[in-house]
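Read-outs: derived from the displayed coordinates by stated rules, not from any lab. In this text, all values refer to a predicted model and were calculated from it rather than measured experimentally. We place every Cβ from the backbone using ideal geometry, glycine too, and count neighbours over all the protein chains shown.
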Amino acid sequence: MSTARTASVSTHILDTSRGRPAEGVAVSLAARAGRDAPWVALGGSATDADGRCKDLPALPEGTTHVRLDFDTETYFVKKQAEAQQDAPATRDSGVFFPEVAITLAVMAGEHYHVPLLLNPFGYSVYRGS
């Protein structure tokens, strides 16, 4: 929910290697009020079957910067285990990006949707609508 005094943020993840939403990715949210202020952990959520976090915590009044941390390692380890159940491993089981941290500047009264396009060896993020 967005008011004149706060910003709001939402996110979703698409696993581009599978062409499917990334379900079960833990996402934590932190905020700060000013570039030099300390980060305050606000809590987190996990993506649903549609790859969306629908219950991220609200941002406090005065927030100027937001950080989203995505636990991609747990997601990819699980997907690798599922894929290799019936087939031998064809590449190392390491995870190249064990986490993705996105930091953005926000303005009061605005909503920021931050989609993450993810694959085992790269990612892209943009301001959505």
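The table for this structure:
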{"quantity": "Positive-end residue of ALA41, PHE96, HIS65, charge dipole of the chain with Cβ unit charges", "calculated": "HIS65"}
{"quantity": "Spin-label model distance (nm) - ALA83 vs THR103, 7 Å beyond Cα toward Cβ", "calculated": "3.1 nm"}
{"quantity": "Cubic angstrom per residue, convex hull over Cα atoms of the range 8-125", "calculated": "100 Å³"}
{"quantity": "Modelled FRET efficiency - R0 30 Å, ALA33 with THR74, Cβ distances, 0.05 increments", "calculated": "0.50"}
{"quantity": "Packing-based order for 7-19, 24-36, 117-129, using average beta carbon neighbours within 10 Å, highest first", "calculated": "7-19, 24-36, 117-129"}
{"quantity": "Test item: Cα-centred dipole of the chain, Lys/Arg +1 and Asp/Glu -1 on Cβ, debye", "calculated": "300 debye"}
{"quantity": "Added length on full extension, which subtracts the Cα-Cα distance from 0.36 nm per residue, TYR126 to HIS111", "calculated": "4.1 nm"}
{"quantity": "Relative contact order (percent, whole number), the range 8-125, Cα cutoff 8 Å, 6+ residue spacing", "calculated": "33 percent"}
